[in-house]
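The values are calculated or read from the model by the stated rules, or taken from the named source; none is laboratory data. Worth saying up front: this structure is predicted, and the values here are computed from it rather than measured. A quick note on method: Cβ atoms are made from the backbone with ideal geometry, for glycine too, and the neighbour counts reach across all protein chains shown. Quick note on the areas: whole protein, heavy atoms, side chains included, nothing else; ligands and nucleic acids left out. Shrake-Rupley method; radii C 1.70, N 1.55, O 1.52, S 1.80 Å.
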Amino acid sequence: MPQRETLARVDADLAAGRVPVARQRLRGLVSSFPYDLTLRRRLAEVYRLYGDAAEVGRWMYLEEDRNADETAAFEARYGSPAWRMKALAWRGPEAMAATAFAEGQLAAVRTACAEELGHPVDWDDPASYRDGLEEEYEATSEPWTVGSVLASLGCLVGALAFLAIWVNGVVALFD
């Protein structure tokens, strides 16, 4: 579907209150046209409707007039330069950016990632910064709490009760 037609559908979705559908359409457009900063800005506006400052900061990261609090929320959520590279969903050289500010932001993120990992990284090669994705966000194992044990037992009892009622119903059906 052409970009203009998709944007018309986004406008219609927003007018009808179908914000999740509009968001998904815009995510697809940004994926198809990563260099188009106006699409990123529109996606940020949709995330503003959700009140998700980190995602607004993510999609406004390449804009000079971005909000400092939203940018900080994005940087906090995506703590390492490798995670930021992945989150920005850029492809190709920084020179493809529409503005000098965007080009500088992209170069800064890539350079920080390369320095952290100790080798060159490339926007077009996610494997080059994959090491930075695995190290920073490994799942931590926390000890069990009384609340989590009770919640698990409650779920188990509920599932067994449901199964018992279902089996009783099947048996009664054939009696």
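Quick notes on this one:
- Relative contact order of region 13-152, pairs being alpha-carbon contacts under 8 Å that are 6 or more residues apart, as %: 17 percent
- Using the Karplus relation 6.51 cos²θ - 1.76 cosθ + 1.60 with θ = phi - 60°, the per-residue 3J(HN,Hα) values for region 115-120 come to 5, 5, 8, x, 7, x Hz, with x marking Gly and Pro.
- Amide H contacts of Asp122: Ser128, Tyr129, each under 5 Å away and 5 or more positions distant or on a separate chain (H built 1.01 Å from N in the peptide plane; Pro and chain starts excluded).
- On a per residue basis, region 1-131 carries 50 Å² of accessible surface, using protein heavy atoms and a 1.4 Å probe.
- Calculated FRET efficiency for the pair Ala8/Met96, C-beta based, R₀ 22 Å, to 0.05: 0.30
- Axis angle, to the nearest 10 degrees, between helix 37-50 and the longest C-alpha principal axis of the chain: 40 degrees.
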